[in-house]
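Asks: Got a structure for you, written out below as structure tokens; questions coming shortly.
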Amino acid sequence: MSTYSGNIENEDLDFASIVYNYDWSSTLLGPMESWDISLKNAVNLCLQSTFPIAIAIFPCWIHVHNKAWKQLLKRKHPHVIGMVSKDIFPEAYEIFASGYESVRITGKGTFKTDQLLELQRDGYTEETYFNYAYNPIFKSDGSVCAIFILAQETTQNVLNIRRLKTLSELSRRISG
């Protein structure tokens with residue numbers, strides 16, 4: 001499965017090649033060829049999408065993401081492919097892991113809006129906000145083998161609303 005013949009643009013194909021040619025045998029997952037077909041299909045879908053998508057793979061939540069996820073990772077992209085989630089954002093791992101485990105145990109997806117996460121993406125801690133959905137990826141035997149993560153950063157929207165409220169309150173007080 002180290003090559004893909006689907007319709008991915010050249011720049012995206014280069015990134016997809018990084019994922020497909022990663023030495024997955026150096027992880028607990030083993031070589032990609034040995035993965036369950038549903039997980040391989042989810043990775044293909046992830047890599048073809050233009051929307052930011054990542055996959056956290058059980059048992060230790062190993063990370064795979066698409067090129068669009070770069071905007072959420074900033075300087076950490078693409079170096080986190082194949083890393084466990086705990087090592088990518090240790091400052092927020094407890095939040096991620098509890099969500100992953102909930103989806104894994106229940107087999108039901110979850111959605112959060114404007115979730116505050118204090119992340120270190122560019123060498124300092126940032127106040128960031130995200131809308132994200134966690135969805136189970138089921139193996140052929142019906143068990144959850146991974147979490148399909150769709151995410152959109154909403155930091156600028158949250159901060160703009162906060163600024164507008166502050167300006168509105170200031171305006172109201174000045175006119176009073």
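Asks: Sort out which residues of the stretch 126-155 are of a type outside the set (S, T, N, Q), assigned to a strand (DSSP E or B) and touching a residue at least 60 places away in the same chain (Cβ under 8 Å), and write them in order of number.
Replies: Of all residues in the stretch 126-155, those of a type outside the set (S, T, N, Q) come to 126-127, 129-130, 132-134, 136-139, 141-142, 144-151, 153.
Filter again for assigned to a strand (DSSP E or B), leaving 126-127, 129-130, 132-134, 136-138, 144-151, 153.
Listed by number, the residues that qualify are I137, F138, V144, C145, A146, I147, F148, I149, L150, A151, E153.
Asks: Take the stretch 75-92 and flag every residue that is in a loop (DSSP other than H, G, I, E, B) and among the small types (G, A, S).
Replies: First, pick out the residues of the stretch 75-92 that are in a loop (DSSP other than H, G, I, E, B): 77-83, 89.
Selection gives G82 alone.
Asks: So which of I95, I105 is β-branched (V, I, T), over 16 Å from H63 (Cα atoms) and either out of contact with any Phe, Trp or Tyr (no Cβ under 6 Å at 6 or more places or on another chain) or part of a helix (DSSP H, G or I) (or both)? Give the derivation first.
Replies: On the way: I95 fails: over 16 Å from H63 (Cα atoms).
Within the list I95, I105, the selection yields I105.
Asks: Just checking, which of L39, L72 is touching a strand residue (DSSP E or B) at 6+ places or on another chain (Cβ under 7 Å), modelled with pLDDT of 95 or more and either acidic (D, E) or in a helix (DSSP H, G or I) (or both)?
Replies: Values: L72 fails: modelled with pLDDT of 95 or more.
From the options L39, L72, the qualifying one is L39.
Asks: Could you tell me which residue of the stretch 46-89 is surrounded by the fewest Cβ atoms within 10 Å (Cβ to Cβ), considering only residues that are of a type outside the set (A, V, I, L, M, F, W, C) and over 23 Å from D23 (Cβ atoms)?
Replies: T50
The values are calculated or read from the model by the stated rules, or taken from the named source; none is laboratory data. Just so it is clear, the model here is predicted, and its values are computed rather than measured. Methodologically, a virtual Cβ is constructed for each residue, glycine included, from the backbone with ideal geometry; neighbour enumeration extends over all protein chains shown.
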